[in-house]
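The values are calculated or read from the model by the stated rules, or taken from the named source; none is laboratory data. In this text, all values refer to a predicted model and were calculated from it rather than measured experimentally. In this analysis, Cβ positions are derived from the backbone assuming ideal geometry, glycine residues included, and neighbour counts consider all displayed protein chains. The area values use the complete protein model at the heavy-atom level, side chains included, leaving out ligands, DNA and RNA. Shrake-Rupley method; radii C 1.70, N 1.55, O 1.52, S 1.80 Å.
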Amino acid sequence: MIKLGAKELRTKLPSEKDLKKIKKNPIYIIVDNVLDTYNIGGIFRLADAVSAKKVFLCGETETPPHTRIKNASINTTEWVDWQYS
């Protein structure tokens, strides 16, 4: 098993050129009434890992920008498409 440090993890916003290269999979993640902001951040990391098209946040789910979501998501909220409904 390889343990990655902070330098190996993507923590800054990719360039527009890099974002256009990423092929999005037809995966949509629906997050309904998830109250723990760390879990929401984890879902954004998952969406980034599988190249999901969009994350839909619903109900009483907290939305970005939120400090705890940003920290838990290691900034993936900046480039993962999301919408609150």
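Does LEU9 satisfy the criteria of being modelled with pLDDT of 90 or more, of a type outside the set (D, E, K, R) and in a loop (DSSP other than H, G, I, E, B)? If you could, list the steps in order and put the result at the bottom.
Values: modelled with pLDDT of 90 or more: no; of a type outside the set (D, E, K, R): yes; in a loop (DSSP other than H, G, I, E, B): yes.
Criteria not met by LEU9.
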Checklist entry - Tally time: how many residues in the range 43-85 are in contact with a helix residue (DSSP H, G or I) (Cβ under 9 Å, 6 or more places away or on another chain) and aromatic (Phe, Trp, Tyr)? => result 3
Checklist outcome for this item: Subset of the range 53-82, residues in contact (Cβ under 8 Å) with a residue 24 or more places away in the chain and touching a strand residue (DSSP E or B) at 6+ places or on another chain (Cβ under 8 Å), comes to LYS53, LYS54, VAL55, PHE56, LEU57, CYS58, GLY59, THR61, VAL80, ASP81, TRP82
Checklist entry - Hey, LEU57 hits all of (1) at pLDDT 95 or above; (2) farther than 25 Å from GLU16 by Cβ but one; which does it fall short on? => result (2)
Next on the checklist: Looking only at residues that are touching a Leu at 6+ places or on another chain (Cβ under 7 Å) and outside any strand (DSSP E or B) in the range 26-74, which one is most open to solvent (accessible area, probe 1.4 Å)?
Outcome noted: GLU60
